[in-house]
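Contents: one structure, followed by commentary.
Just so you know, all these numbers are worked out from the coordinates, no wet-lab data involved. Not measured: the values here are computed from a predicted model. Glycine also receives a Cβ, built like all others from the backbone with ideal geometry; neighbour counts cover every protein chain displayed.
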Amino acid sequence: MRIDKYLSGLGLGSRKDVKKMIKQGRVSVDGVTAAAPETAVDPDRSRVCVDGKETLYREFAYVMLNKPKGYVSATEDGRYPTVCDLAPAELAHMSLFPVGRLDVDTEGLCLLTNDGALAHRLLSPKKHVPKTYIAELSAPADEEDVKMFASGVKLDDGYVCKPAELEILENNSARVVIYEGKYHQVKRMFAAVGKRVTALKRVKIGGLALDESLAVGEARELTGDEIALLENFENETGDNINA
């Protein structure tokens with residue numbers, strides 16, 4: 001990798017900025033002052049310093065956000081603020097994007113990353129990655145609803161959902177686990193059984209659960225163990241090789 005690409009990838013400035021830093025003799029590679037922007041470095045092995053301070057390169061970032069209402073799951077939007085606006089400022093240069101979508105009025109677990117391969121695996125219909133929601137309803141769910149969810153609810157457009165898990169909770173609430181990601185699926189599933197969703201919160205994606213200590217609107221990077229939960233989910237499910 002070129003040294004100018006390496007440094008700009010760390011958020012230390014544009015290619016033009018880092019070229020100026022190199023020209024000023026502020027950058028060294030393995031103890032030797034970098035002579036040119038095209039100087040080659042190995043992100044995993046080279047010791048790169050700027051103004052005598054060692055840098056740490058990483059290609060990907062993974063962020064857990066407790067999404068508030070009023071934000072859209074997009075990188076940009078002309079009407080609403082986006083979930084990316086709530087990412088840690090120090091990661092602004094890493095081109096994060098949301099993995100999947102949550103409705104503008106839905107709260108809870110939102111994953112932001114720049115790892116396209118992981119996002120694809122989590123969103124692939126073939127993987128059936130479970131997503132867990134807590135729904136507040138206009139009327140309490142009943143055992144008939146549980147059976148209908150388990151057998152596959154038929155939506156308003158005729159689509160029959162894959163079997164889902166419905167657990168009745170107190171105070172007109174329910175926990176729902178779905179294995180696909182149709183448009184407004186949870187709301188439409190409840191509408192199909194005569195219930196209206198008055199509030200919705202996602203609490204889990206695969207094995208990754210929302211950190212309940214995160215206030216609504218707060219975000220933090222995932223721990224190594226949490227990243228492993230996402231990366232290893234495929235093997236845990238035993239699939240051949242979401243909403």
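Okay, here's what the table says:
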| quantity | calculated |
| --- | --- |
| Around A92: net Lys/Arg minus Asp/Glu count, Cβ-Cβ under 14 Å | -4 |
| Under Karplus coefficients 6.51, -1.76 and 1.60, residue-wise ³J(HN,Hα) of region 45-54 in Hz, glycine/proline x | 10, 5, 9, 9, 10, 10, 6, x, 9, 5 |
| Approximate spin-label separation A192-E136, in nm, with each point projected 7 Å along Cα-to-Cβ | 2.5 |
| Cα point-scatterer Debye curve for region 71-183, base-10 log of I(q)/I(0) at q = 0.20 Å⁻¹ | -1.15 |
| Isotropic mean projected area of the C-alpha convex hull, region 3-54 (nm²) | 3.0 |
| Cα convex hull volume per residue for the chain (Å³) | 153 |
| Protection proxy ranking of 119-129, 94-104 - average other beta-carbon atoms within 10 Å, highest first | 94-104, 119-129 |
| Label-point separation in nm, L169 to L12, each point 7 Å along Cα→Cβ | 4.7 |
| In sequence order, calculated HN-Hα J values of region 84-101 (Karplus, 6.51, -1.76, 1.60; Hz; x Gly/Pro) | 5, 5, 9, 5, x, 4, 6, 10, 4, 7, 9, 6, 6, 9, x, 8, x, 10 |
| Under 10 Å, Cβ to Cβ, from V153 - net charge with Lys/Arg +1 and Asp/Glu -1 | +2 |
